Amino acid sequence: MFQIIHPYIIIVIVFCYSTLNAATYDMDLLNTYSKLTPRFILMSTQKNKIDQDINICLSFDEEDERVADEFINYTALNYPDGIKNYKIKFSKIKYKNISLCSDTQLIFLFRTNSKALKKAISFSQDKKIMTIAYDNQLLVEGVDISLFLGRDTKPYINLKSVLDKGIRLDNLLLRISKIYNNKEGSR
Amino acid sequence: MTRSIEFKMIVSIVLFTLFTFGLERYQMSLSIKKQFIDFKKSKNELLINTITPVLGLNFSLGLDSANKEYLEEIQAQNKDLEFVSLVDTNNNTIYIHNTKELPKLEDKYEYNYWVKDIVDEYTKEKLATLELRFSNLELENMRKSNLEITTNIALITIVLLVFFIIFTKLIFKSLNELRDSVLKYDPKKNNFPLDLSNNKDEVTLMRNAIISMVNKITAYTEILDNTNSLLEEKVKQRTLELEKSNLELKKLASVDPLTKLYNRRHFTNSSEHILEISKRNKTPLSMIMMDIDNFKYVNDTYGHQFGDKVIVSVASTLMETIRKSDVVCRFGGEEFIVLLPQTDLDGAYAIAEKIRKKIEKTELTLNEKVISITVSVGVAELNILEDNSIENIINRADSHMYTAKQSGKNRTCISA
């Protein structure tokens, strides 16, 4: 019996898991991220300079690829002609292939397991690439930027990790943002 | 209208002070207003230039709700921000705040009114319009503060002016005392009431100088008074001496120096007066005229000195014989006249005879030789109806004396 139902059970479980995961992403929030991300790159100075295009690496697990596509769609809607004469290009990279993001200016981290996340963060620290995570709890792991969801929505910046990477953020960006402090908590 | 220097000085200083004070406060007020406007314009401009990029970035990032919170913070931090309005391009009001009724916009307060478009930094797309209106709260506060300062300075100025006026009055009080003392000063009474002072200010130095001058005037006045007294005494003495001399001269002018009898001039003057009195009172008046007999012979024989002795002897006899009311004078060389008031012809004749006999009996000695003298006498009486002057009587008496001479001398002849 187990052998008969096994393929179906596997399919159902995988389907339900992937659908369940995808549903936990707030599309409005994702849209906000899509607006923020290219501007964060423009408002920062980092090792990987913008040449002709803005390169964003979307790092996700397989079940979040559809969310990543949504993100790309939102970005295209928000910046149909790019921004500031730069075209916005995306690299869809699975966590296991995170090393392929080395030439991008930013890595957008979707949800994943702790091990993969640590590996991705470690990679970004080595390559001094700015990271944005959908979940702001990941700031504690060393992610650079997320969104603070309080009375108002604000950029949430892990200033220490940003500075450790030698990245300089625009003052105006810092002004509107909430700064995360991993020692004293957020302020 | 003449005003005192004190009044002019006080008015000048008060007006100058008030004018300077008013000018200074006016300029200060203008300066404060200009500085305030510059500051306010700069501050408002800085604020809006700070706000708009933040609002623009929030719009760009899709964080519209953050703008509301941000503007509330801005509103709380800027008490003079009366009106804030943020309207997007679809005319949807994202944020509006109005503390009170909007003030009427005036050109002079244009720095308080700002409207600015919110533009995306990268796409240059207009995202919204921000309108801000500020109040002049700080200006009003500064004006109130300035008014308080002005009031305090005005009070201090008034107090200082009052002190100045009192001080000036004190200075001029001393001058006024000096003036009154000088006006009341009488050098003879030496009544200058002020004393020398040791102060070294100009007024006291002038006062001391005047006191010194007054003391000198008093001293010189005393010297002058003493000199005047001496002069007056000398003048009085000289006057007395002059009067005495005058009397002597007068006497010498009316008296014959040899016989001490009245001379002819005095007789002429006084006889007319006696004549008038007799005519008015209708009283008798007689005259005796006598001449020493052979007087030329006596002179030639015994010398002039003896002649003078004869004359003096006759004069002495006359003075001894006549009454006090009678007037006797030496009328010529050896002629004598006696005027007899209130005496008729008979009385005059009797007196004439008495005189003649007395002279006849008189013996004069010269070198142990006894010499006798005689006189011829004419007597006349006043005729009240006919005689207008003494000359008429003299002529008649002289005529009778001549008759006596012609009749043998040493006798008395009278007229009818």
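The values are calculated or read from the model by the stated rules, or taken from the named source; none is laboratory data. Not measured: the values here are computed from a predicted model. FYI the Cβ positions are ideal-geometry reconstructions off the backbone, even for glycines, and counts take in every protein chain you see. The protein model used for the area step is the full one, side chains on, heavy atoms only, and it has no ligands, DNA or RNA in it. Shrake-Rupley method; radii C 1.70, N 1.55, O 1.52, S 1.80 Å.
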Criterion: touching a residue at least 60 places away in the same chain (Cβ under 8 Å) and assigned to a loop (DSSP other than H, G, I, E, B) - qualifying residue of B:T259, B:T268: B:T259
Selection from segment A:136-163 of residues that are outside any helix (DSSP H, G or I) and surrounded by fewer than 16 Cβ atoms within 10 Å (Cβ to Cβ): A:L149, A:G150, A:R151
Residues that are farther than 17 Å from A:F40 by Cα, open to solvent by less than 60 Å² (accessible area, probe 1.4 Å) and assigned to a strand (DSSP E or B), drawn from segment A:92-114: A:I93
Selection count, segment A:167-187, where residues are more than 14 Å from chain B (Cβ to nearest Cβ) and either at pLDDT below 65 or open to solvent by 60 Å² or more (accessible area, probe 1.4 Å) (or both): 7
Residue in segment B:387-401 that is over 60 Å from the mean Cα position of the chain (by Cα) and farther than 23 Å from B:S278 by Cα present: yes
Check on B:V214, on the phi < 0 side of the Ramachandran plot and either surrounded by 16 or more Cβ atoms within 10 Å (Cβ to Cβ) or outside any helix (DSSP H, G or I) (or both): yes
Checklist (1) over 26 Å from A:D64 (Cα atoms); (2) within 14 Å of chain B (Cβ to nearest Cβ); (3) modelled with pLDDT of 90 or more applied to A:Y156, failing item: (1)
From B:R323, B:R356, residue being of a type in the set (K, R), assigned by TED's automatic domain parsing to the domain that holds B:M287 and open to solvent by 50 Å² or more (accessible area, probe 1.4 Å): B:R323
One residue from B:I32, B:I51, B:I96, B:I74 being in the same structural domain as B:T151 (by TED's automatic domain parsing), touching a helix residue (DSSP H, G or I) at 6+ places or on another chain (Cβ under 7 Å) and open to solvent by 30 Å² or more (accessible area, probe 1.4 Å): B:I32
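Pick out the one residue from B:I149, B:I153 that is open to solvent by less than 70 Å² (accessible area, probe 1.4 Å), in the same structural domain as B:G62 (by TED's automatic domain parsing) and in a helix (DSSP H, G or I).
Residue meeting the stated conditions: B:I153.
Among the residues of segment A:115-127, what is the count of those that are touching a residue at least 40 places away in the same chain (Cβ under 8 Å) and either open to solvent by 10 Å² or more (accessible area, probe 1.4 Å) or in a loop (DSSP other than H, G, I, E, B) (or both)? Steps first, answer last, please.
First pass over segment A:115-127, keeping only residues touching a residue at least 40 places away in the same chain (Cβ under 8 Å): A:116, A:120, A:124-125, A:127.
If we keep only those that are either open to solvent by 10 Å² or more (accessible area, probe 1.4 Å) or in a loop (DSSP other than H, G, I, E, B) (or both) as well, we get A:116, A:125, A:127.
Qualifying residue count, segment A:115-127: 3.
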Number of positions in segment B:272-291 that are in contact with a strand residue (DSSP E or B) (Cβ under 8 Å, 6 or more places away or on another chain), over 20 Å from B:N395 (Cβ atoms) and not hydroxyl-bearing (S, T, Y): 1
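Rundown of residues vs (1) in contact (Cβ under 8 Å) with a residue 60 or more places away in the chain; (2) in a loop (DSSP other than H, G, I, E, B); (3) open to solvent by 50 Å² or more (accessible area, probe 1.4 Å); (4) touching a strand residue (DSSP E or B) at 6+ places or on another chain (Cβ under 8 Å), yes/no style:
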position	(1), (2), (3), (4)
B:Y297	no, no, yes, no
B:L318	no, no, no, yes
B:L385	no, yes, yes, no
B:N388	no, yes, yes, no
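Tell me which residues, restricted to segment B:320-347, are without any contact (Cβ under 8 Å) to a residue 40 or more places away in the chain and either more than 29 Å from B:N281 (Cβ to Cβ) or in a helix (DSSP H, G or I) (or both).
Just the residues of segment B:320-347 that are without any contact (Cβ under 8 Å) to a residue 40 or more places away in the chain, to begin with: B:320-326, B:333, B:346.
Selection gives B:E320, B:T321, B:G333, B:D346.
In segment B:175-203, which residues are open to solvent by 100 Å² or more (accessible area, probe 1.4 Å), farther than 16 Å from B:S4 by Cβ and assigned to a helix (DSSP H, G or I)? Before you say what the answer is, go through the steps one by one.
Taking segment B:175-203 as the starting set, the residues that turn out to be open to solvent by 100 Å² or more (accessible area, probe 1.4 Å) are B:179, B:183-184, B:188-189, B:195-196, B:198, B:200, B:202.
The next check asks that each one be farther than 16 Å from B:S4 by Cβ; those that pass are B:184, B:188-189, B:195-196, B:198, B:200, B:202.
Within segment B:175-203, B:K184, B:E202 meet the criteria.
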Cross-chain or 6+ apart pairs with Cβ under 7 Å, segment B:62-87 first and at the interface with another protein chain (Cβ under 10 Å from one of its Cβ atoms), then open to solvent by 20 Å² or more (accessible area, probe 1.4 Å) and among the aliphatic types (A, V, I, L, M): B:D64/B:I94; B:N67/B:I94; B:K68/B:I94
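Give segment A:108-152 a look and list any residue that's within 12 Å of the chain's Cα centre (by Cα) and either within 14 Å of another protein chain (Cβ to nearest Cβ) or among the β-branched types (V, I, T) (or both), or say none.
Within segment A:108-152, the subset within 12 Å of the chain's Cα centre (by Cα) is A:108-112, A:117, A:120-121, A:124, A:129-136, A:138-139, A:143-147.
Hits for segment A:108-152 are A:T112, A:I121, A:I129, A:T131, A:I132, A:V143, A:I145, A:S146, A:L147.
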Single residue of segment B:179-236 satisfying the filter (touching an Asp or Glu at 6+ places or on another chain (Cβ under 9 Å) and charged (D, E, K, R)) that is modelled with the highest pLDDT: B:R207
Residue tally, condition open to solvent by 30 Å² or more (accessible area, probe 1.4 Å) and either among the aromatic types (F, W, Y) or on the phi > 0 side of the Ramachandran plot (or both), over segment B:333-353: 2
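Go through segment B:107-149 residue by residue and tally those that are polar (S, T, N, Q) and over 17 Å from B:L30 (Cβ atoms).
First pass over segment B:107-149, keeping only residues polar (S, T, N, Q): B:112, B:123, B:129, B:135-136, B:141, B:145-146.
Pick out the ones that are also over 17 Å from B:L30 (Cβ atoms) and you get B:112, B:123, B:129, B:135, B:141.
Here the count works out to 5.
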Flag if B:S12 is without any contact (Cβ under 8 Å) to a residue 24 or more places away in the chain, open to solvent by 50 Å² or more (accessible area, probe 1.4 Å) and more than 23 Å from A:L29 (Cβ to Cβ): yes
